[in-house]
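Please read the structure below before turning to the comments.
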Amino acid sequence: MRRSGSRWLGTAQHGRRRLAALAVVAVAVAGCQAAAAGAAGHRVASTAVRPARSSPAAARPAPSPTAPGQPSGGSPRIMIVGDSISEGSSGDYTWQYRLYEHLRADGVSPRMVGPHHTLFNNVTKVDGDRSYADPRFEHANDTRWGMTLFREKDAIGAKVAIYRPDYLLVLLGLDDIFWFGISQPDMAANLASFIAAARGARPHIRIVLGLIPPDIHQQTDPAFAARIASYNHTISSTALQLSTIGSPVAVARDATGINIAADLWDGTHPNANGEVKIAAAFADVLAGRFHLGRAYPRPFPVLPTGPLSRTRLLVTPSGTAGDAMLSWSLAPGANGYKVYLKDVTRRETKFRQLPWPLSPAQEPWTVSLLTSGDTYAFKLQACKGADCGAFSNVASIAAP
């Protein structure tokens, strides 16, 4: 149901706090719903809280320089297996997109396979969204918000048998540890079972295991950070112990270099720059271990973050003196909208930001306390968590 807003008096500091709280709540609710969907019969950690642009052409990598001993080409079947970090949410490119474009630029024609090909809607909390920042890539995969290793180990064999991937790129385990408190011995056993099940369906499959990237909860919870570090060590040791000539297992490591503030839109999930770093970690292994494509180019590009879609803003007079109504189109993935205005009649040259962002549920919204008869100009900026992106058009009105 649409609701009108109230008055906009407040402080900029309050607004910043409100935006930060909104991002944290959005991640927590999304994680809760995903985890709760299949949690029956499993123990949940008692004190856990879930960790949860430019144009498409500008975001695509240029071909890498030729490196001796690293042939490119071919059409490998690749299946990415992962949770929300890999699936992505409304308005994202996803790290699968970054990897796919990188391999294509190197002359590889990857065939991405798997049962899923949509995003999670981080605003409505529903899977099946198709609002990719650039949908022009092969986006089939085996990723889902809330996916866990302890469940996937029992499902991966059937999926490998159906989709016949040559490579499995796996980034799983965060939700097992955070939500379910799975012990380290069980994490190790589940990972070994996952590998065995995949090989049972396809004996010569090649597997790349990604280390769990940093997230904000590792900064605030030392015990959780220690569990993640221990599991990352388990990933490396398991790969070393179980790798064979016929079915090698390698580890993608460089995603551990993610900067939480710069590369994650909510402290857990990657923005455009985080996507590049995760994709690069897997690309480097595919190149160095399997001679598939080339290493990801360095230095990494610094890409625009936040929603890319430009919101369409309309401002109309209300029936109350000094009030105006703002209505706007919703940008994919945006869970907050910053409001800017200036009084043109009083010759204000710079827009000033109102103290707090609006949520999608607040559209349309009534702005109050305008000076009757003055002409005002408004614009909105769409934000996804901590990342703010495209501005709307500027819309003007003479206050009633």
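The values are calculated or read from the model by the stated rules, or taken from the named source; none is laboratory data. Everything numeric in this text was worked out from a predicted model, so none of it was measured. Please note: Cβ atoms are built from the backbone with ideal geometry, for glycine as well, and neighbour counts cover all protein chains shown. Keep in mind that these areas ignore ligands, DNA and RNA; they rest on the heavy atoms of the full protein, side chains included. Shrake-Rupley method; radii C 1.70, N 1.55, O 1.52, S 1.80 Å.
Of all residues in region 380-400 being in a strand (DSSP E or B) and open to solvent by 30 Å² or more (accessible area, probe 1.4 Å), which is farthest from residue 342 (Cα to Cα)? The residue in question is 388. Would you mind stating whether residue 205 is modelled with pLDDT of 95 or more and under 26 Å from the mean Cα position of the chain (by Cα)? So residue 205 fails the test. Pairs are defined by a Cβ separation below 9 Å, a sequence spacing of at least 6 or placement on different chains, a first member in region 356-370 that is over 14 Å from residue 397 (Cβ atoms) and hydrophobic (A, V, I, L, M, F, W, C), and a second member that is open to solvent by less than 20 Å² (accessible area, probe 1.4 Å) and part of a helix (DSSP H, G or I); the pairs so defined are 356/15.
Identify, from the list 128, 173, the residue that is surrounded by fewer than 23 Cβ atoms within 10 Å (Cβ to Cβ) and on the phi > 0 side of the Ramachandran plot.
Numbers: 173 fails: surrounded by fewer than 23 Cβ atoms within 10 Å (Cβ to Cβ).
After applying the criteria, what remains is 128.
Per the conditions (1) over 27 Å from residue 272 (Cβ atoms); (2) open to solvent by 60 Å² or more (accessible area, probe 1.4 Å); (3) not aromatic (Phe, Trp, Tyr), the sole criterion not satisfied by residue 377 is (2).
Can you list the helices (runs of 4 or more DSSP H) found entirely within region 167-263 that contain at least 1 residues being under 24 Å from residue 273 (Cβ atoms)? First the steps, then the outcome.
Values: elements: 174-180, 184-201, 216-220, 222-242, 260-263.
So the answer is 174-180, 216-220, 222-242, 260-263.
Within region 147-154, the presence of at least one residue that is open to solvent by less than 40 Å² (accessible area, probe 1.4 Å), under 27 Å from residue 217 (Cα atoms) and in a loop (DSSP other than H, G, I, E, B) is confirmed.
Taking region 220-243 as the range and being among the hydroxyl-bearing types (Ser, Thr, Tyr) and either under 26 Å from the mean Cα position of the chain (by Cα) or over 21 Å from residue 193 (Cα atoms) (or both) as the test, the residues that pass are 220, 230, 231, 234, 236. Residue by residue through region 247-272, note down the ones that are within 25 Å of residue 382 (Cα to Cα) and in contact with a Phe, Trp or Tyr (Cβ under 7 Å, 6 or more places away or on another chain). Within region 247-272, 270, 271, 272 meet the criteria.
Any residue at all in region 117-126 that is part of a strand (DSSP E or B) and hydroxyl-bearing (Ser, Thr, Tyr)?
We begin by selecting, within region 117-126, every residue part of a strand (DSSP E or B); these are 119-121, 126.
Keeping just the survivors that are hydroxyl-bearing (Ser, Thr, Tyr) gives none.
No; the residues of region 117-126 include none that is part of a strand (DSSP E or B) and hydroxyl-bearing (Ser, Thr, Tyr).
Annotation: residue 220 fulfils all but one of (1) at pLDDT below 95; (2) within 26 Å of residue 97 (Cβ to Cβ); the unmet one is (2).
Hey, among the residues in region 259-270 that are within 20 Å of residue 175 (Cβ to Cβ) and not charged (D, E, K, R), which one's most open to solvent (accessible area, probe 1.4 Å)? In this case the residue turns out to be 260. Within region 318-332, the set of residues being open to solvent by 10 Å² or more (accessible area, probe 1.4 Å) and not in a loop (DSSP other than H, G, I, E, B) comprises 325, 327, 328. Scanning region 207-253 for residues that are more than 23 Å from residue 191 (Cα to Cα) and surrounded by fewer than 17 Cβ atoms within 10 Å (Cβ to Cβ) turns up 219, 220, 222. Looking at 186, 175, just one residue is farther than 27 Å from residue 100 by Cα, modelled with pLDDT of 95 or more and acidic (Asp, Glu), and that residue is 186. Of all residues assigned to region 275-284, at least one qualifies as being among the aromatic types (Phe, Trp, Tyr) and part of a helix (DSSP H, G or I).
Tell me which of these residue 316 doesn't satisfy, since it passes every other one: (1) farther than 21 Å from residue 97 by Cβ; (2) in contact with a helix residue (DSSP H, G or I) (Cβ under 8 Å, 6 or more places away or on another chain). Looking at each condition in turn, residue 316 falls short on (2).
Considering 216, 207, 212, 258, the condition of being among the aliphatic types (A, V, I, L, M) and in contact with a Pro (Cβ under 6 Å, 6 or more places away or on another chain) is satisfied by 258 alone.
Test residue 256 against the criterion of being open to solvent by 60 Å² or more (accessible area, probe 1.4 Å) and within 20 Å of residue 80 (Cα to Cα), and give yes or no.
Numbers: open to solvent by 60 Å² or more (accessible area, probe 1.4 Å): yes; within 20 Å of residue 80 (Cα to Cα): yes.
Considered against the rule, which asks whether it is open to solvent by 60 Å² or more (accessible area, probe 1.4 Å) and within 20 Å of residue 80 (Cα to Cα), residue 256 comes out as yes.
How many residues does region 273-295 contain that are under 20 Å from residue 249 (Cβ atoms) and either out of contact with any helix residue (DSSP H, G or I) (no Cβ under 8 Å at 6 or more places or on another chain) or buried (at least 21 other Cβ atoms within 10 Å of the Cβ) (or both)? Step through it out loud before you land on a result.
At the first step, the residues of region 273-295 found to be under 20 Å from residue 249 (Cβ atoms) are 278-293, 295.
Checking which are either out of contact with any helix residue (DSSP H, G or I) (no Cβ under 8 Å at 6 or more places or on another chain) or buried (at least 21 other Cβ atoms within 10 Å of the Cβ) (or both) leaves us with 278-283, 285-293.
Looking only at that region, the number is 15.
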